């Protein structure tokens, strides 16, 4: 069974699937094959960062599926955003989003990025990533496993 049999895309959430795969997930328009990824920590506890480094390690090797981390949003096709968006990071996240050329994809990694997780309602929290910028793909988990992150990147690259 291929990787599409192990995940399904439900709306914008990538999660384990028990259903049989029906069709390949189409990459977002204009981004396919390989994707340059800019990681943005909007206010996380660093749990997701550890798992992202695992996803790009030799064990999971996200680069073999066409995903590569870059240092500048101007070189990126996608933003990989972790953590709740704090008040201090809301505007820098918007600026990073605007600096990323179109077409672009935003991937919210972890429960905090998706719905503020355990930090919902905290005084320093501006909201989830989708409250600040549009999100295309969400990865559930606290923190998500490296394989889930690789699967989300593969749904973007189509590989």
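The values are calculated or read from the model by the stated rules, or taken from the named source; none is laboratory data. From a predicted model like this one, the values you see are computed outputs, not experimental measurements. Glycine also receives a Cβ, built like all others from the backbone with ideal geometry; neighbour counts cover every protein chain displayed.
Structure notes:
- Total residues in region 96-116, condition closer than 16 Å to residue 44 by Cα and crowded, with 19+ Cβ neighbours inside 10 Å: 9
- Complete set of residues in region 50-64 that are surrounded by fewer than 18 Cβ atoms within 10 Å (Cβ to Cβ) and within 27 Å of residue 131 (Cβ to Cβ): 50, 53
- Selection within region 121-154 - within 26 Å of residue 98 (Cβ to Cβ), assigned to a helix (DSSP H, G or I) and under 13 Å from the mean Cα position of the chain (by Cα): 129, 130, 149, 152, 153
- On inspection, residue 67 qualifies as at pLDDT below 95, touching a helix residue (DSSP H, G or I) at 6+ places or on another chain (Cβ under 6 Å), crowded, with 18+ Cβ neighbours inside 10 Å and closer than 14 Å to residue 154 by Cβ.
- Looking across region 49-61, the residues that are assigned to a helix (DSSP H, G or I) and more than 15 Å from residue 38 (Cα to Cα) come down to 50, 51, 54.
- Region 121-159: number of residues that are in contact (Cβ under 8 Å) with a residue 12 or more places away in the chain and more than 13 Å from residue 48 (Cβ to Cβ): 24
- Within region 108-120, the residues that satisfy the criterion of being assigned to a helix (DSSP H, G or I) and in contact with a strand residue (DSSP E or B) (Cβ under 6 Å, 6 or more places away or on another chain) are 113, 114, 119.
- Within region 62-87, tally of residues that are in contact (Cβ under 8 Å) with a residue 40 or more places away in the chain and in a helix (DSSP H, G or I): 2
- Test result for residue 24, surrounded by 15 or more Cβ atoms within 10 Å (Cβ to Cβ), in contact with a helix residue (DSSP H, G or I) (Cβ under 8 Å, 6 or more places away or on another chain), farther than 30 Å from residue 119 by Cα and modelled with pLDDT under 90: no
- For region 88-107, a residue qualifies if it is free of Cβ contacts under 8 Å to residues at least 40 places away in the same chain, touching a helix residue (DSSP H, G or I) at 6+ places or on another chain (Cβ under 9 Å) and not in a loop (DSSP other than H, G, I, E, B), and the qualifying residues are 95, 97, 98, 99, 106.
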